[in-house]
Amino acid sequence: MKDIPLKVLIIDPETNTRHTLAKILRGMEVVLYAKECRDLAAASDILKKAEINVIYVDPISLGIEPASSFVFRLRKDEPTIVFVLFVDSQKRKKKERDFYNGERRRWRHYFYLNKVAKPGEFVRQVHESSKLCQSELAMTLTQEKIASLQKELINIQQGASNDKATVPLQTIKDMLEQLAARKLETITVGTNKAAEFLGTPSAPGANGNQCFIVMPYSQSWSKPVEEILRESCETAGIEFTIAKAMDGRFVAHDIWQSITGSNVIVADLSGANANVSYEIGLADAIGREVILISQDTKIPFDFSGHRLILYENSVEGALKLRKEVTARLKAILAQLKLGN
């Protein structure tokens, strides 16, 4: 289900950037309408009168504190609305400490659109953001919501002729067909289906071209170990991927995509981190190759079936870790290539 009709609201005090974004969105077949306003009060009025499922908002131009209060309040009241933070990337970097302070740390997992990107790149980013929004919306569609969208599209279809319709009638027809298919999907109960909040799995590279790193990020040793694992991946000839570099809105969704889209997982059990254990479980459940490393000699019994690479938090330990992980990665890649 990819062509979910988008009903967009743009909140941006800067007229030129707001109009530019609105113009691009209105030229896209999947966008039913794109409303725009320059402040949060006007946005609140629009939300009372119109159904919106995607909001592009600039928290920096609007004021970080009032904008974050608006976003989180609306997220609570309307959890199915998808937000895209429409910001100047350079200003965001300069204000990074305040921008991600407190509850706003969740913004690290929202979608972003750089409002000062060069014209061609900006258009590309707008189209990419619309696809991401559709993907998020597809995961939250209920029977009631599908019925509502179907009714709205039928009304547009019946009330417009080909030369007057803002959305091509063939596009509306395609949307209706996809909504009908999605409705059947939501009725069907799958016995071997991942939890809905994880989203759609990715397909791993046929040549074993991605390694996903699972580890704690806030320990004093985290950064050095991350660099060692990055070097091991480069030496072995496999792409290095780590969760903290992601920009998606749902962390669990991003991690699931990375685990299912990778051929190899390297997981650090040091400190018995619960998130790491959960992610290893996901990888094991779908049969991914998992390399376990740890500074601790005692690990949970459930991981005893894995061959563990033990290392010390020292120069000698770093050299040992790099050597052994690189060797394991090369061996796994060789096996994967033989199996293809």
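The values are calculated or read from the model by the stated rules, or taken from the named source; none is laboratory data. All of these numbers come straight from a predicted model, not from anything done at the bench. We place every Cβ from the backbone using ideal geometry, glycine too, and count neighbours over all the protein chains shown.
Some observations on this one:
- Condition check for Ile280 on (1) crowded, with 18+ Cβ neighbours inside 10 Å; (2) of a type outside the set (Gly, Ala, Ser); (3) modelled with pLDDT of 90 or more: one failure, at (3).
- Residue match in segment 26-37 (condition: crowded, with 17+ Cβ neighbours inside 10 Å, part of a loop (DSSP other than H, G, I, E, B), at pLDDT below 90 and outside the structural domain of Ile255 (by TED's automatic domain parsing)): yes
- Taking first residues from segment 88-104 that are assigned by TED's automatic domain parsing to the domain that holds Thr17 and partners that are surrounded by fewer than 15 Cβ atoms within 10 Å (Cβ to Cβ) and of a type in the set (Lys, Arg), the Cβ contacts under 9 Å between residues at least 6 apart in sequence or on separate chains come to Phe99/Lys93.
- Checklist (1) surrounded by 19 or more Cβ atoms within 10 Å (Cβ to Cβ); (2) not in a helix (DSSP H, G or I) applied to Thr80, failing item: (1)
Listed here are the residues, each with its yes/no results for (1) among the polar types (S, T, N, Q); (2) assigned by TED's automatic domain parsing to the domain that holds Lys330; (3) at pLDDT 90 or above.
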position	(1), (2), (3)
Ala203	no, no, no
Tyr217	no, yes, no
Ser222	yes, yes, no
Val225	no, yes, yes
Arg230	no, yes, yes
Thr235	yes, yes, yes
Glu239	no, yes, no
